[in-house]
Amino acid sequence: MSYEPKTIETKWQKRWAERRVAEIDVSRPGEKYYMLNMFPYPSGDLHVGHGRNYILGDALFRYLRMRGLSVLNPMGWDAFGLPAENAAIKRGIHPREWTVANIARMKRQFDAWGILYDWSKELASCDSGYYRWNQWLFVRMFERGLAYRAKSPVNWCPSCQTVLANEQVREGRCERCAHEVEQKELEQWFLRITEFADRLDAGLDQLTEWPEQVRLQQRNWIGRSVGADVQFAIPKLGKSITVFTTRPDTIYGATFMVLAPEHPGVAALIADHPDRAAIEAWITHVRNQTNLERQAETAGKEGRFTGSYAVNPFTNEEIPIWLGNFVLPQYGTGAIMSVPAHDQRDFEFAKQFGLPLRVVVAPADGAAPVESELEQAWGDKEASVSVNSGSITGLSTPRAIEAIATEIESRGIGRRTVRYRLRDWLISRQRYWGTPIPIVYCEACGLVPVPDDQLPVQLPLDVPFTGREGNPLAKAKSFVETSCPKCGAAARRETDTMDTFVDSSWYFARFVTPRNETAIFDSAVVNRWLPVDQYIGGVEHAILHLLYARFITRVLHDLGLVTFEEPFRRLFNQGMITKEGYRDPSKNMSWVPLGEVEHRDGIPYRATTGALLVAEVAKMSKSQFNVVPPDELIERFGADTERVYTLFIAPPQDEAAWDDQAIIGQHRFLNRVWNYGERIVAMAAGAASDGEAETKLQRRRHQTIAGVTSRIERFNFNTAISSMMEYSNAIGDYLSQGGSSRETAISCFETLLQLLHPFAPHLTEEWWEKLGHETMLVASSWPVADPELAKEDFVTIVVQVNGKLRGEFEVEAGAAEAAVIEAAKSNAKVVPYLEGKTIVKTIHVPGRLVNLVVK
RNA sequence: GCCCCGGUGGCGAAACUGGCAGACGCACGGGACUUAAAAUCCCGAGUUCGCAAGGACGUGAGGGUUCGAGUCCCUCCCGGGGCACCA
């Protein structure tokens, strides 16, 4: 019988499901291992690029299981979100229906790939049994002041018709739809993540098994900076304004002050300005700028003089107070002391408005820069010292910072401070398909959280989806109109829903006890199974999801629900799968459907218009027509082939371009494995064993076990597959070059089946059964290498003369050094290079090489 | 601008601690089987000089350390990602 993947694949998928091989009882004792693929948004269609993430996870799952661990590998659905609502508007299907149908589709696709999940733990964030606990958690946070409502300028996406968190804005644009984000002053719900900034930053140090890149991104996003708050007196007002600086040592060089136009003190400062109206008009103009405009580097700096002065507390000089659009109201105190000689932004502002510079820092071993000659701010890459700075003159920069901070504190005009770039997390969304925020507005009682026994606040199903004008929830009278839980008076429900990132910030804990109806989860069980031992997902969540999850985990910790603060011990980010797509330069570089692309002499043209096209490698996406659906591949080659190819294509953390042609190589490989099986079972039993060929194959077997195991441990799936191919080739050589022991052939083949099982599970199960095993391969024990049998008897020693390769010879492993060197010197290929020379140095690396240095 | 990560055959890549560069594949060339094709199997192949034996060159560029560098150090070029007036 030849290899027919279709038949055997459905057979085994069915059997794994029936026997519930991936289900685990969380109360079962044993060494636990919690592995988790980030739960997906159920968009419906999976392509081979998505497959990378899940296939990798499944290979790991099968391997760990065979290693004998109790592996929890659940799957669920990040099921709230905009696409479902947009589908409702476009096609009149209710978001719930659309979501449920997509979930069913995706489950079928997982099955077709042969992926095993513990479906008894399945959860969907759009089920009220799940989002109820979202609401419960929100109320806990509200009670502790960690969830609060505030009016502030927020990011508004006019296309999505909702506000966005800071993290969801990329380069001034909406992360989802790329529409430019506007600033709006709105009252919204926030979670106080900034209160955890310090802990979130410090915790990064422990995450040694996370990709360095992700830790760095989080660190930058949190943006911890150490400095000092300093008060500058405003004699005219009899008050002072506080600035934040990371360089208090440069305070003697602070020649002016700049406030954000939004700074609360501005009105008083410009009250008696002769041209007040003009300044106010300018302030309005700055406020109306989008973040994109305001922060664009090309825009240059804008500023206005307030007409007022502050006193520099160290020089006692009066310095002018300016307003500048480059000073951000949300960071620090919204006010800065400007040191134009040593800060590039201040330098540019000073040059633009003719403000004075004063050099107060100089190289430790050189002349101080001269103010009039400066072309840019002078910074301290290397050692520098304070100059022209009163009591700190002559101190090195770090010591000067300390000294001045101490003086500021002792004089009572400020203190050391740590500031963060991180802002509170805006979670209100003006959309329907999300968790309702469980708050009631009462005339008398104000903001009243919905009591626990009234949760969940159910999302009403009978809501009109008309598109555009605002949140459909606000139009559902039966939902909005309610009574105050405190006083019973008529009241109004909050109609904002939560950012879906709230849902995904704790789902990994819910997975352990997903049906718990009395608590968010069972703490005892969660504390045994968490943190997640291995988390797998894309880098696009480096900041958003992973930061929020770390934050919420700390909240759960402080609520006494969990004993840990970091939810994910190890993190792995798989790389993207890309594919060539085609763009039409004559049509504004729009993407061309594959059916319209025609190749002539390897050059792509548009079949309909004859236009020359440009090929571009990009992330798979329907809108770019470069998606490869797995269906045809599975039909033609089988899921095992797709799985092996996906893992072989490149190191899993690297980006990889899908090659429709190269997949044939993996199909050939599996086909060969199948044929070796056929040849082995056809062998005559009981033939005499044949010493050398057998020893050689056995040695190969044990080397391969060791190699594949360590490569899987290091996630080097591509090279693990290479070494299985080599091993498979060795079995082929044994069969075709006179190997005659059926017993040897079978046991070596069985080892191949076991090693290959995580990658090609169907084919290997089929052969395991064909060879007479009654229990499943997935339940077998991972083979263990015998180092004695893996040892080589002979090693190849290469001989170099002056570092150049000149010869090689075989020698018994562990041969004496003197003998090896002697053999090297007398090697026929080497001798000519030694003639007439003297050997001045001999290097011997045992088992590898001899290098003879001659003169 | 700052911070990260990369750059190895025609292509995907390998080389784990400084020790035979290019394993394993794709594509390609030659051969076997076949009426033929597909499938399968075998052989070849970094570039270059040479009939060959063999030699020279070769991991983005240049320099350095070392008996020996894809691997370590310095400078630069190119590609990708992140942050971007954060005081």
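Starting from a Cα-only point model with no solvent, please compute log10 I(q)/I(0) by Debye for the stretch A:28-181 at q = 0.12 1/Å.
-0.74
Using alpha carbons only, how many degrees (0 to 90, rounded to 10) separate the axis of helix A:82-91 from the longest principal axis of chain A?
Relative to chain A, helix A:82-91 is tipped by roughly 90 degrees.
Would you please give the FRET efficiency between residue A:289 and residue A:179, computed as 1/(1 + (r/R0)^6) with r the Cβ-Cβ distance and R0 = 22 Å, to the nearest 0.05?
Calculated transfer efficiency: 0.80.
Tell me the angle of helix A:663-682 to the major Cα principal axis of chain A, expressed in degrees between 0 and 90 and rounded to the nearest ten.
Approximately 30 degrees, to the nearest 10.
Full-extension gain between residue A:817 and residue A:558, please, as 0.36 nm times their residue separation minus the C-alpha to C-alpha distance.
Fully extending the segment from residue A:817 to residue A:558 adds 86.9 nm.
Step through the table entries A:696/A:829; A:32/A:121; A:14/A:107, compare each Cα-Cα distance with 19 Å, and write down the pairs that go over it.
Result: A:696/A:829 exceed 19 Å.
Put +1 on the Cβ of every Lys and Arg and -1 on every Asp and Glu Cβ in the stretch A:185-276; which of A:234, A:257, A:222 then has its Cα farthest towards the positive end of the dipole?
A:234
For the stretch A:369-461, run through the GluC sites (Glu not before Pro) and keep only the ones in DSSP coil with at most 15 other Cβ atoms within 10 Å of their Cβ.
In loop regions of the stretch A:369-461 (DSSP not H, G, I, E or B), the sparsely surrounded GluC sites (Glu not before Pro) are A:375, A:382, A:443.
Just round it to a whole percent: the fraction of Cα-Cα distances in the stretch A:700-855 exceeding 20 Å.
62 percent
Using θ = phi - 60° and the Karplus form 6.51 cos²θ - 1.76 cosθ + 1.60, what ³J(HN,Hα) does each residue of the stretch A:779-790 get, whole Hz, x for Gly and Pro?
Values, residue by residue: 9, 7, 9, 4, x, 10, 7, 9, x, 5, 6, 7 Hz.
Among A:637, A:203, A:836, whose Cα projects farthest towards the positive end of the dipole of chain A, with charges put on the beta-carbon of Lys, Arg (+1) and Asp, Glu (-1)?
About the Cα centre, the residue reaching furthest to the positive side is A:203.
Extension gain residue A:854-residue A:524, at 0.36 nm per residue separation less the Cα-Cα distance, in nm?
My answer for the length gained is 111.7 nm.
Using square roots of five times the C-alpha gyration tensor eigenvalues, list the equivalent-ellipsoid semi-axes of the stretch A:646-768 in whole Å, biggest first.
28, 15, 12
With a cap of 16 neighbouring Cβ atoms within 10 Å, and only residues DSSP puts in a loop, list the GluC sites (Glu not before Pro) found in the stretch A:167-214.
A:171, A:209
Got a sec? Which residues in the stretch A:41-84 would a label at residue A:632 touch, if it sits 7 Å along Cα→Cβ and we count backbone N under 20 Å?
The answer is A:45-52, whose backbone nitrogens lie closer than 20 Å to the label point.
Assign unit charges at the C-beta atoms only (+1 for Lys and Arg, -1 for Asp and Glu), then state the dipole size of the stretch A:374-514 relative to its Cα centre in Debye, rounded to the nearest 20.
For the stretch A:374-514, the charge dipole is close to 80 debye.
Less than 19 Å apart at the alpha-carbon level, and either on another chain or at least 8 residues along: which aspartates and glutamates does that give for residue A:855?
In chain and number order, the partners are A:822, A:835.
May I ask for the angle, rounded to the nearest 10°, between helix A:639-648 and the longest principal axis of chain A, with both axes built from Cα atoms and the value confined to 0 to 90°?
70 degrees
Positive end of the dipole of the stretch A:384-462, charges at C-beta (+1 Lys, Arg; -1 Asp, Glu), about the Cα centre: which of A:450, A:428, A:403 has its Cα farthest in that direction?
Most positive-ward Cα: A:403.
Calculate how large, on average over all directions, the projected area of the Cα convex hull of the stretch A:508-654 is; give the answer in nm² to one decimal.
13.4 nm²
Which translational diffusion coefficient, to the nearest whole µm²/s, is obtained for chain A from the Stokes-Einstein equation, given a Kirkwood hydrodynamic radius over C-alpha pairs, 20 °C and 1.002 mPa s?
For the chosen part, D equals 66 µm²/s.
Compute the length gained on full extension between residue A:837 and residue A:406: take 0.36 nm times their separation in residues and subtract their Cα-Cα distance, giving the result in nm to one decimal.
Contour length minus Cα-Cα distance gives 148.0 nm.
What is the magnitude of the charge dipole of chain A about its Cα centre, with +1 placed on the Cβ of each Lys and Arg, -1 on the Cβ of each Asp and Glu, and no other charges, expressed in debye to the nearest 20?
Value, rounded to 20: 620 debye.
Which of the lysines could a cross-linker bridge to residue A:622, judged by Cα under 16 Å and excluding same-chain residues fewer than eight apart?
A:579
Find the centroid of the Cα atoms in the stretch A:217-258 and in the stretch A:384-437, then give the distance between the two in whole Å.
First find each Cα centre; the distance between them is then 7 Å.
When we measure straight from the Cα of residue A:475, which aspartates and glutamates land under 14 angstrom away, once same-chain ones fewer than 8 places off are left out?
Straight-line reach from residue A:475, under 14 Å: A:462, A:494, A:496.
Please find the FRET efficiency linking residue A:278 to residue A:148, where r is the Cβ-Cβ separation and R0 is fixed at 41 Å, and quote it to the nearest 0.05.
About 0.65, to the nearest 0.05.
For a label point 7 angstrom out from the Cα of residue A:305 toward its Cβ, which stretches of the stretch A:328-363 have the backbone nitrogen within less than 16 Å?
Label zone hits: A:349-357.
Be a star and scan the stretch A:129-145 for residues whose amide nitrogen sits under 19 Å from the point 7 Å along the Cα-to-Cβ vector of residue A:458.
A:129-136, by backbone N distance to the label point.
My understanding is that a pair violates if its Cα-Cα distance is over 32 Å; which of A:239/A:351; A:6/A:587; A:791/A:825 do that in this structure?
A:6/A:587
Spin-label point model (7 Å from Cα, Cβ direction): what's the residue A:11 to residue A:672 distance in nm?
Reported label-point gap for residue A:11 and residue A:672 is 2.4 nm.
How about the stretch A:485-570: which trypsin sites (Lys or Arg not before Pro) there are in a DSSP loop, with at most 13 other Cβ atoms within 10 Å of their Cβ?
Listed in order of number, the matching sites are A:515.
Roughly speaking, what is the centre-to-centre gap between the stretch A:447-498 and the stretch A:710-768 when only Cα atoms are used, to the nearest Å?
Spelled out, the Cα-based centre of one part sits 60 Å from the other.
Each reported figure results from applying straightforward, stated rules to the coordinates on display, with no laboratory input. On a predicted model such as this, the values are computed, not experimentally measured, just so you know. Glycine gets a Cβ as well: all are built from the backbone with ideal geometry, and neighbour counts include every protein chain shown.
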